[in-house]
Structures are given as C-alpha cells and as structure tokens.
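The values are calculated or read from the model by the stated rules, or taken from the named source; none is laboratory data. Being a predicted model, the structure only gives us computed values, none of them experimental. Glycine also receives a Cβ, built like all others from the backbone with ideal geometry; neighbour counts cover every protein chain displayed. The accessibility values were calculated without ligands, DNA or RNA, using every heavy atom of the protein model including side chains. Shrake-Rupley method; radii C 1.70, N 1.55, O 1.52, S 1.80 Å.
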Amino acid sequence: MAVIKGRDISFSYGSGKKTLDHASIRAEAGELIALLGCNGCGKSTLVRHLNALLPLQKGELRVAGLDARAQANCWRLRRQCGMVFQNPDNQFVSSVVEEDIAFGLENYETPEEEIPTRVRAALAAVGMSGFEKRAPHLLSGGQKQRVALAGVLALNPDIIVFDEVTAMLDPQGRREVLGIIDRLRAGGKKTLVMITHYVEEAVMADRVYLMAGGNVTAQGSPRDILTDAALLAQNGLLAPLPVRMYEDLKAAGVPLERCPLTNEELVEELCRFA
Ligand SMILES: Nc1ncnc2c1ncn2[C@@H]1O[C@H](COP(=O)(O)OP(=O)(O)OP(=O)(O)O)[C@@H](O)[C@H]1O
Ligand SMILES: [Mg+2]
C-alpha cells in the first residue's frame, strides 16, 4: 500500500521560477526510499511537502491517507510525518534532553502520565538511555542527531524523513545514525525517506529516486540506479567507488564478471578475477 503518493508536484517559491516541475514520488509502507540529486535540485523542497511544511501549489499528494491539498490536514500530516534535518543544533528547543523530547509530546497533547515512558522508550531506541538530564548542545554531533531522532520517534509517526542527517557527522557519528535508520527499516513499521549526498548510503535503500532540475528523473532498485554510471553522471552525480572502479578496470581491459555495488562485492569480484 502506498503511504506516500505524490504526482506532478510543481512548486515555486515566488520568483516565478519553478523549483519543482511535475515531480512524482511514491513510497510503499515500510519502504526506505533514498532521494539523490545535486545541490539545489529540489530534494528538500519536495520532502517539505510531505508534512505540509510547504503547501501543495500544484499536483496531487496523499501522505498516510491524508490529502495534502486540504488545509485541515496540516496538523495531522505534521504528526504522521516526522523530519530530521542536517543540523541537529537547529532542532532543539530545550537545554535538557528529556525536556526537549517531552516538548514535542506535549505539543501533540500526549496524556501527561504517558510522557516519561515515551521519552525513555525513544531514547532507548536510539541508544541514548542515560542521557535524559544532559544538555543537547554539549553532546557529540552523532549523539545530537540521535536525540533529534528520538524526539521524532517519541511521536510515533508513520513516516520519517531524514534530510541529509549525516552531512555534518564524522564517520563514527554517521555509522551510528545510519545504524538506527537501518534498524528502523528492518523493523518494517515506518516508511522512511532519506536524502543524502553520499551515493553509497543509498545502497541500503529499497528504492532510489534521482532528482535533477526540480524533477524526478529516474527511480529503481539501488543496483539498477547506482551501477548506472552514465545515468548518475547525467544527473550530476558520481557513481559509488566500486562502480567507478569497475568502469575504470573495464576501460583498461580488465573486465570484472559483474559490477559491484559495495566494497565487499568489489573485494569478491577482485578475488574471483585474481
Ligand atoms: N525558502 C526559500 N526561498 C526561496 N528559494 C528557495 C528557498 N528554499 C530553497 N530555495 C531554492 O529552491 C531550489 C531548490 O532548493 P532545495 O533546498 O529544495 O534543494 P536541495 O536539492 O535540497 O539542495 P541541497 O542538496 O543543497 O540541500 C534552490 O534553487 C534554492 O535556492
Ligand atoms: Mg536540501
């Protein structure tokens, strides 16, 4: 069942220039969708429609069964679709972790007696139990991002959008956050949308969407999309390293049996060849 069903979405910030031009996106329940595209192609603009941060100007969009055109659905869309952004510092409203998470719950009128349990459960889900009394701004980048995600998880949305959440993190922080996204995906209960500039992160998705110039230009399995170096180049993107190595080796007269998508597959192919 499609949880996100967007068709021909066009949007302009007001200058007359179309930032989105008939973009279509769809996600089935429990899927992880990766959205790739170069700077300014409209990725954030598109996902900001999913929870009514931006109003639908043109096109059709249903999210978790709600019609995004109806102004009356705005609040419910916010609730059903949580968002985590690139800079965790911009997402905190309190100087105490547990209060920050509780704030969101209070905002959505969660019964008071449920709040402490939900705060604890959300922190446990991101591996941050014991950090309840800490100050968010004093945590590491990865820990901050996990607390921001706990704030979203506490609200139990059907959909979570990650807008370049690993962009400001070091490799350790990235691993931690990606590990949580992967666990959520394995749980199969949430529909997940991940925007990233790291093409290799998109390997973990069920489906990859490419965007360019305000439009969705291609979609398919990670293997189909990410091993197509020419398609990626047309969209201003560089293929993952194993794919580039495959292409380079082929050009040098060393054809591997199949194009590897991950480092592990690259090693396998090289060993097979040796
Ligand atoms: N609030 C805004 N007002 C006016 N123009 C905007 C606004 N936000 C974004 N834009 C413009 O819309 C276009 C698409 O921006 P958007 O942030 O959606 O791209 P993106 O694909 O998310 O890029 P990035 O990879 O850099 O995050 C850009 O040209 C940008 O300058
Ligand atoms: Mg963006």
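Could you count how many residues in the range 153-162 are open to solvent by 10 Å² or more (accessible area, probe 1.4 Å) and in contact with a helix residue (DSSP H, G or I) (Cβ under 7 Å, 6 or more places away or on another chain)? Residues flagged as open to solvent by 10 Å² or more (accessible area, probe 1.4 Å) and in contact with a helix residue (DSSP H, G or I) (Cβ under 7 Å, 6 or more places away or on another chain) within the range 153-162 amount to 3. Quick one: would you say residue 7 is within 18 Å of the chain's Cα centre (by Cα), at pLDDT 95 or above, open to solvent by 30 Å² or more (accessible area, probe 1.4 Å) and under 30 Å from residue 231 (Cα atoms)? Considered against the rule, which asks whether it is within 18 Å of the chain's Cα centre (by Cα), at pLDDT 95 or above, open to solvent by 30 Å² or more (accessible area, probe 1.4 Å) and under 30 Å from residue 231 (Cα atoms), residue 7 comes out as no.
Kindly establish whether residue 174 is open to solvent by 10 Å² or more (accessible area, probe 1.4 Å) and under 29 Å from residue 1 (Cβ atoms). For residue 174, the condition - open to solvent by 10 Å² or more (accessible area, probe 1.4 Å) and under 29 Å from residue 1 (Cβ atoms) - is not met. For the range 55-107, the candidate set comprises residues that are more than 18 Å from the chain's Cα centre (by Cα) and of a type in the set (Val, Ile, Thr); within that set, the residue that is farthest from residue 124 (Cα to Cα) is 93. Annotation: of all residues in the range 1-23 being within 16 Å of ligand 2 (Cβ to nearest atom) and not in a strand (DSSP E or B), the one that is farthest from residue 75 (Cα to Cα) is 19.
Filtered by the rule that a residue be open to solvent by less than 80 Å² (accessible area, probe 1.4 Å), away from ligand 1 (no atom under 16 Å from the Cβ) and outside any strand (DSSP E or B), the range 37-87 gives 64, 65, 68, 70, 73, 74, 77, 78, 79, 80. Here residue 26 qualifies as farther than 16 Å from residue 86 by Cα and either within 16 Å of ligand 2 (Cβ to nearest atom) or surrounded by fewer than 18 Cβ atoms within 10 Å (Cβ to Cβ) (or both). Only one of the numbered conditions (1) surrounded by fewer than 14 Cβ atoms within 10 Å (Cβ to Cβ); (2) more than 16 Å from ligand 2 (Cβ to nearest atom); (3) without any contact (Cβ under 8 Å) to a residue 12 or more places away in the chain is violated by residue 90, and that is (2).
For the range 185-229, give me each residue that is more than 27 Å from residue 19 (Cβ to Cβ), open to solvent by less than 40 Å² (accessible area, probe 1.4 Å) and either within 16 Å of ligand 2 (Cβ to nearest atom) or without any contact (Cβ under 8 Å) to a residue 40 or more places away in the chain (or both). Result: 227, 229.
For residue 179, the test of being open to solvent by less than 40 Å² (accessible area, probe 1.4 Å), modelled with pLDDT under 95 and not hydrophobic (A, V, I, L, M, F, W, C) is failed. Just one of the listed residues (205, 154, 212, 150) is modelled with pLDDT of 95 or more and within 16 Å of ligand 1 (Cβ to nearest atom), and it is 212. Annotation: residue 121 fulfils all but one of (1) closer than 27 Å to residue 175 by Cβ; (2) touching a residue at least 60 places away in the same chain (Cβ under 8 Å); (3) open to solvent by 10 Å² or more (accessible area, probe 1.4 Å); the unmet one is (2).
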